[in-house]
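My questions all concern the structure below.
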Amino acid sequence: MPANLKPFMIPLYFALWLWVAWLPEYSAAPPLYWLLLAVLAWLNADFYSGLIHIYLDYRPLDKHKGFERLFHYQGDRSSAEFELMKQQVLAQASWLEEIVYSFKIHHRNVRPYLQFTYSHFFFETFPAAAFLLALAALMLPLTSGLLADSVWFILLLCSVIALHTNHIHACVHGSKQMRRGVKLIRFLQKIGLMYSARRHHEHHKAGLQGFCLISGHTDFLVDRICGWLLQKGWISQAEWRGER
Ligand SMILES: [Zn+2]
Ligand SMILES: [Zn+2]
């Protein structure tokens, strides 16, 4: 995405989200029904965040593009030499390869991850959030019955929840750039609505559990899927680059 368009994308996304949320006439259903759908959307986003996280953690790095060299760099990572090398590698990398690298390296060295801003994480998850919002918008002509309204509502919520996957994750780590987010996450952890930093640390050590990044409530399913994929040989432990 051109850099000069980026400042407009955050307000544009939220304006479009509100527009899609406001347009339909809501079907007559008790508030409890919509609340249950919101919980369903939350758990659904949590589950898919876990599956995508497995993919990012176990996707091999492209050696030919220099990612291994970048990953195993032994010198000073704040040096001009490393910064130049990083720019050269990322210049020929796709959006997905950059995210895979960012994810893998944060398991080993979380400090740079704590300095990323709201805007940085916004653009990591924006494609998925925009896709879900587009699906919700496409549902608008159909929203006159409870079933279509329910699908539209879940897509709308999943869009904004998925958008904040990495913000939540960075706040669990104690982001230095999103202090209010960290306070909110600490509160949600206290009342059991969010995975603990301790549990997430277990993920960083072994890469066998704790993949879900929204609330962690569907980890029990995703942990089993990860074990099964490893057992089948569809993903390899050799690609796991967690803490040593
Ligand atoms: Zn991970
Ligand atoms: Zn982490």
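Nearest 20 debye, what's the magnitude of the dipole of segment 30-239 about its Cα centre given +1 on Lys and Arg Cβ and -1 on Asp and Glu Cβ?
Charge dipole, segment 30-239, about its Cα centre: 660 debye, nearest 20.
Just grab the label-to-label distance for Ala148 and Ala206, each label 7 Å out from Cα along the Cβ direction, in nm (one decimal).
Modelled inter-label distance: 4.9 nm.
What residue among Ser159, Ser215, Ser94 has the largest mean-square fluctuation in a Gaussian network model of the chain, using Cα springs under 10 Å?
Evaluated over the chain, the most mobile residue of the options is Ser94.
Nearest 0.05, what FRET efficiency do Ala21 and Ser78 give at R0 = 41 Å with Cβ-Cβ as r?
With a Förster radius of 41 Å, E is 0.45.
Using label points projected 7 Å from each Cα along Cα→Cβ, tell me how many nm separate Arg186 and Arg69, to one decimal.
If labels sit at Arg186 and Arg69, their model points lie 4.3 nm apart.
Which pairs break 25 Å Cα to Cα here: Lys63/Lys86; Lys176/Lys205; Lys63/Lys104; Lys205/Lys232; Lys86/Lys183?
Numbers: Lys63/Lys86 14 Å; Lys176/Lys205 22 Å; Lys63/Lys104 14 Å; Lys205/Lys232 22 Å; Lys86/Lys183 32 Å.
Check vs 25 Å cut-off fails for Lys86/Lys183.
Compute the Cα gyration tensor for segment 93-150, then decide on rounded, prolate or oblate, letting a ≥ b ≥ c be the square roots of its eigenvalues: rounded whenever a/c is under 1.5, prolate when a/b is larger than b/c in the other cases, and oblate in all that remain. Each step should come with its number before you reach the end.
Working: a/c = 3.66, a/b = 3.03, b/c = 1.21.
Judged from the Cα gyration tensor, segment 93-150 comes out prolate (a/c at least 1.5, a/b above b/c).
Another one. Only sites in a loop by DSSP and with at most 11 other Cβ atoms within 10 Å count here; which GluC sites (Glu not before Pro) in segment 88-191 make the cut?
none
Between Gln115 and Met9, what FRET efficiency follows from the Cβ-Cβ distance if R0 is 22 Å, with the result rounded to 0.05?
Result of the calculation: an efficiency of 0.55.
Same structure again: Within the accessible area of the chain, what % is carbon and sulfur when the probe is 1.4 Å and the other protein chains stay in place? It would help to have the intermediate numbers written out before the result.
On the way: 8940 of 13500 Å².
Of the solvent-accessible surface of the chain, carbon and sulfur hold 66 percent.
Just to confirm, what accessible area per residue do you get for segment 91-244 at 1.4 Å probe, in whole Å²?
Per-residue value: 50 Å².
What's the longest piece of the chain with no exposed chymotrypsin sites (Phe, Trp or Tyr not before Pro), counting a site as exposed if DSSP puts it in a loop and it has at most 12 other beta carbons within 10 Å?
Of all site-free stretches, the longest is 27-233.
Given a cut-off of under 8 Å on Cα pairs at least six residues apart, what relative contact order in percent is computed for the chain?
29
Report the residue, chosen from Asn109, Asn166, Asn44, that carries the largest GNM mean-square fluctuation when the chain is represented by alpha-carbon nodes joined by springs under 10 Å.
Asn109
Specify, per residue and in Å³, the volume enclosed by the convex hull of the alpha carbon atoms belonging to the chain.
149
The values are calculated or read from the model by the stated rules, or taken from the named source; none is laboratory data. All values reported here derive from a predicted model rather than from experimental measurement. Ideal geometry is used to build each Cβ from the backbone, glycine not excepted, and the neighbour counts take in all protein chains shown. Ligands, DNA and RNA are excluded from the accessible area calculation, which covers all protein heavy atoms including side chains. Shrake-Rupley method; radii C 1.70, N 1.55, O 1.52, S 1.80 Å.
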